[in-house]
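Notes to accompany the following structure.
The values are calculated or read from the model by the stated rules, or taken from the named source; none is laboratory data. As the structure is a prediction and not an experimental result, all values here were calculated from the model. Here Cβ is always computed from backbone atoms with ideal geometry, including for glycine, and neighbour counts include all displayed protein chains.
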2 protein chains.
Amino acid sequence: MLRGYQSWAFENKPVILSTATVVGPEEGNGPLGDDFDIVHGDMTLQEKTWEKAERKLMEEATKLAIENAKTTKEKINFYVGGDLMNQIISNSFAARTLSVPYLGVFGACSTSMESLALAAMIVNTGGANYALAGTCSHNCTVEKQFRYPTEYGSQKPPTAQYTITGAGAAVVAAKGEGPIITRATIGRVVDMGIKDPFNMGAAMAPAAVDTLQAHFRDFRIEPGYYDLIVTGDLAKVGHAIASELLEKHKIPMQQTTFMDCGLMIYDLDKQPVQAGGSGCGCSAVVTYGHLMKKMRNGEINRMLVVATGALLSPLSYQQGESIPCIAHAVAIESGRRE
Amino acid sequence: MLRGYQSWAFENKPVILSTATVVGPEEGNGPLGDDFDIVHGDMTLQEKTWEKAERKLMEEATKLAIENAKTTKEKINFYVGGDLMNQIISNSFAARTLSVPYLGVFGACSTSMESLALAAMIVNTGGANYALAGTCSHNCTVEKQFRYPTEYGSQKPPTAQYTITGAGAAVVAAKGEGPIITRATIGRVVDMGIKDPFNMGAAMAPAAVDTLQAHFRDFRIEPGYYDLIVTGDLAKVGHAIASELLEKHKIPMQQTTFMDCGLMIYDLDKQPVQAGGSGCGCSAVVTYGHLMKKMRNGEINRMLVVATGALLSPLSYQQGESIPCIAHAVAIESGRRE
């Protein structure tokens, strides 16, 4: 299964049986609004705290993904999940509700593809019949924990990103109908010395490029193999830097369409999101909602999702540390061309 | 590889090539002091903050484990690690230093066996030639983050546990000499409604019992198969509760030796540790230091380590939530009896 140094090829073709996405109002109003399963009109989800609201997003997404897979939670062997909250409480509490054996993971916003890669690996090796992968974020919990409570109304520079409110989940199975997870590349931690938590995109871009280079090297393929390569949430600043770095390294990205989930989820001209979206939920809902729909429709046949994460904490920032970043890539294919 | 509902049997016999343990002064003064590779006499490790000290523990343990395996970090395909710090910064920063592809995980104090189970699964399936698993904790970082800074000198009830200062790491490989990882059982989240963060043992005991029951059921074996079954860090209160619950469920634990890492690491009569040790590092250093030595010496041939974790955050506690808990079990065998 190991390919090259840091990649996995999934020979047994683990299938994405189903996905589910649940988002908040800002995401529902964005250009991809119609592609999400549930759009909440109220950021509180009628819960008493933002944290309880975030957990509910995750609970709804996992429940719906299991329903969409036409199975029951008793059939799910493992839930692989994580989020940005301290001690990943949104997922741990959602896992309590699910009552499914649970593997907590953390890769900041790369958690979406870390959890999907691990779920695929476990299913591929016969370690599970069904594995569920999921992640989530909520604008108000993340802003409160990493920066200031939103009620405080602090200003932000244009390089800042807007944490999306949403949860995404996918049921991966050994058998059944659906897009296939064919490959994954697990990233190294890359730190270029950037210390500004209001410019995560710039910090994360080199990690995305490092993982993309590793992916092409380990599988000896070119970007053109994929119809679409999409980064997690580099947004405006980071995606431009990643494009420049890839050009500098002579990676022929012009062979494919190269996009970013943080740029796709909002209309940057009309929505108050600075450089674009971010958060664990960002690449999860764009991939599991919008892109899976495109794959099912036949608009794309092969895609590579490179979710990026900034592994800082408020404390590491306060202690003068720079921002270590990581990116994990997962390839999903319709199987139609094969 | 799947056995029963939530367990893995590792047919390809992943080997623990090496381990390394690094601890602080209190652990060095305890009954297992001689079994650790490095004992620091100073809790600061000459670093400016407790968090930087904790990270250094992890960096030293991973470096030494790689040296002890007579390999180099360039040969390690994946590092699987996590810790109790918000956004698992000790491990993410240690992974930056290592520069090895990194899978961040979180299961509170069960992280030790979550990371080892995943490393074994990845190696077993041919997904890595070498995988490194590790975790750590530091008394002063954890007390500060979850309760009060130690300098504040707040009093504690006798049910409280003392977070150990230490890091443990293991190199798991597809080939080579060493104890074999034969089985793993991934736990469900169990929550019996306990809300007191000064009584983690009581909260975690039912999770340990749930995972033990699942392990015996999935593999159709009895406790007597193992020379030793050891829980992670239930300490005095929790271990007694777990023993009672197992008796109630008619699990014949009298067939084996049943112990707890949180009780083994300190002398409860002489050291100021209340009910015993806890923290991600606790089961890691006891297993990788003390128990692996006993296995290499031939004193034990088959052991099952059931690491327990309390998945709360200070915020979930402040919002009135109870403490969801989890336990992951990993079986390690010398191979001598086989």
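Only one of the numbered conditions (1) under 17 Å from the mean Cα position of the chain (by Cα); (2) in contact (Cβ under 8 Å) with a residue 60 or more places away in the chain is violated by B:V209, and that is (2). When B:Q274 is tested against (1) within 14 Å of chain A (Cβ to nearest Cβ); (2) touching a strand residue (DSSP E or B) at 6+ places or on another chain (Cβ under 7 Å), only condition (1) is not met.
In the set A:A242, A:A208, A:A169, A:A173, which member is touching a Gly at 6+ places or on another chain (Cβ under 7 Å) and buried (at least 21 other Cβ atoms within 10 Å of the Cβ)?
Working: A:A242 fails: touching a Gly at 6+ places or on another chain (Cβ under 7 Å); A:A208 fails: touching a Gly at 6+ places or on another chain (Cβ under 7 Å); A:A173 fails: touching a Gly at 6+ places or on another chain (Cβ under 7 Å).
Being touching a Gly at 6+ places or on another chain (Cβ under 7 Å) and buried (at least 21 other Cβ atoms within 10 Å of the Cβ) holds for just one of A:A242, A:A208, A:A169, A:A173, which is A:A169.
Of the residues that sit in the range A:290-338 and are within 14 Å of another protein chain (Cβ to nearest Cβ) and in contact with a Cys (Cβ under 9 Å, 6 or more places away or on another chain), which one is surrounded by the fewest Cβ atoms within 10 Å (Cβ to Cβ)? Per the stated criteria, the residue is A:L312.
Right, A:G187: touching a helix residue (DSSP H, G or I) at 6+ places or on another chain (Cβ under 9 Å), under 25 Å from A:G238 (Cβ atoms) and assigned to a strand (DSSP E or B) or not? Considered against the rule, which asks whether it is touching a helix residue (DSSP H, G or I) at 6+ places or on another chain (Cβ under 9 Å), under 25 Å from A:G238 (Cβ atoms) and assigned to a strand (DSSP E or B), A:G187 comes out as no. Step by step: first the residues of the range B:54-64, then only those that are touching an Asp or Glu at 6+ places or on another chain (Cβ under 9 Å) and of a type in the set (K, R), then the one that is farthest from the other protein chains (Cβ to nearest Cβ). Which residue is that? So the residue we want is B:K56. Being closer than 28 Å to A:T97 by Cβ and free of Cβ contacts under 8 Å to residues at least 40 places away in the same chain is the filter here; which residues of the range A:128-150 pass it? Selection gives A:E143, A:P149, A:T150. Annotation: A:P31 fulfils all but one of (1) within 13 Å of another protein chain (Cβ to nearest Cβ); (2) in contact (Cβ under 8 Å) with a residue 60 or more places away in the chain; (3) more than 15 Å from the chain's Cα centre (by Cα); the unmet one is (1).
Of the residues A:I194, A:I181, which is among the β-branched types (V, I, T) and at pLDDT below 95? Reasoning before the result, please.
Numbers: A:I181 fails: at pLDDT below 95.
After ruling out the rest, the residue left standing is A:I194.
Quick check on the range A:198-209. Is at least one of its residues outside any helix (DSSP H, G or I) and assigned by TED's automatic domain parsing to the domain that holds A:V330? Full working, then the answer.
In the first step, residues of the range A:198-209 are kept if they are outside any helix (DSSP H, G or I); the result is A:198-199.
Cutting the leftovers down to assigned by TED's automatic domain parsing to the domain that holds A:V330 gives us A:198-199.
Yes.
Out of A:E51, A:E74, one residue alone is touching a Ser or Thr at 6+ places or on another chain (Cβ under 6 Å), acidic (D, E) and at the interface with another protein chain (Cβ under 10 Å from one of its Cβ atoms). It is A:E51. Per the listing B:N77, B:N129, the residue uniquely buried (at least 20 other Cβ atoms within 10 Å of the Cβ), polar (S, T, N, Q) and at pLDDT 95 or above is B:N77. Which of the residues spanning the range B:81-119 are of a type in the set (A, V, I, L, M, F, W, C) and under 19 Å from B:V286 (Cβ atoms)? The answer is B:L84, B:A108, B:C109, B:M113, B:L116, B:A117, B:A119. Filtering the range A:103-154 to residues that are touching a helix residue (DSSP H, G or I) at 6+ places or on another chain (Cβ under 6 Å), away from chain B (no Cβ under 12 Å), among the polar types (S, T, N, Q) and not in a strand (DSSP E or B) leaves A:S112, A:T150. Residue count for the range A:1-25, restricted to those that are surrounded by fewer than 21 Cβ atoms within 10 Å (Cβ to Cβ) and outside any strand (DSSP E or B): 7. Before we move on, is A:K144 within 23 Å of A:K293 (Cα to Cα), basic (K, R), over 20 Å from the mean Cα position of the chain (by Cα) and not assigned by TED's automatic domain parsing to the domain that holds A:R183? The answer is no for A:K144.
Is it the case that some residue within the range A:276-293 is touching a residue at least 40 places away in the same chain (Cβ under 8 Å), more than 30 Å from B:T49 (Cβ to Cβ), aromatic (F, W, Y) and part of a loop (DSSP other than H, G, I, E, B)? So that I can check it myself, show each step before the final result.
From the range A:276-293, those touching a residue at least 40 places away in the same chain (Cβ under 8 Å) are A:276-293; that's our starting set.
Narrowing the set further to residues that are more than 30 Å from B:T49 (Cβ to Cβ) leaves A:276-277, A:281-293.
The next check asks that each one be aromatic (F, W, Y); those that pass are A:288.
Filter once more, keeping what is part of a loop (DSSP other than H, G, I, E, B): none.
No, the range A:276-293 contains no residue that is touching a residue at least 40 places away in the same chain (Cβ under 8 Å), more than 30 Å from B:T49 (Cβ to Cβ), aromatic (F, W, Y) and part of a loop (DSSP other than H, G, I, E, B).
On inspection, B:E67 does not qualify as facing chain A (nearest Cβ under 10 Å), surrounded by fewer than 24 Cβ atoms within 10 Å (Cβ to Cβ) and assigned to a helix (DSSP H, G or I).
Being surrounded by 24 or more Cβ atoms within 10 Å (Cβ to Cβ), in the same structural domain as A:H239 (by TED's automatic domain parsing) and either among the hydrophobic types (A, V, I, L, M, F, W, C) or in contact (Cβ under 8 Å) with a residue 60 or more places away in the chain (or both) is a property that holds for A:A184.
Exactly one residue out of A:P149, A:P179, A:P157 is out of contact with any Pro (no Cβ under 9 Å at 6 or more places or on another chain) and buried (at least 23 other Cβ atoms within 10 Å of the Cβ): that is A:P179. It is to be established whether one or more residues within the range B:84-99 are closer than 24 Å to B:S334 by Cβ and not in a helix (DSSP H, G or I). The answer is no; no qualifying residue exists. Among the residues of the range A:77-102, the one identified as within 22 Å of B:Y79 (Cβ to Cβ), facing another protein chain (nearest Cβ under 7 Å) and of a type in the set (G, A, S) is A:G82. Looking at the structure I just gave you, is B:E51 touching a residue at least 60 places away in the same chain (Cβ under 8 Å), crowded, with 19+ Cβ neighbours inside 10 Å, under 16 Å from the mean Cα position of the chain (by Cα) and in the same structural domain as B:T163 (by TED's automatic domain parsing)? So B:E51 fails the test.
Against the numbered list (1) at pLDDT 95 or above; (2) within 27 Å of A:A327 (Cβ to Cβ); (3) within 14 Å of chain B (Cβ to nearest Cβ), A:V22 comes up short only at (3). Within the range B:249-275, the set of residues being in contact (Cβ under 8 Å) with a residue 40 or more places away in the chain, surrounded by fewer than 24 Cβ atoms within 10 Å (Cβ to Cβ) and part of a helix (DSSP H, G or I) comprises B:M264 only.
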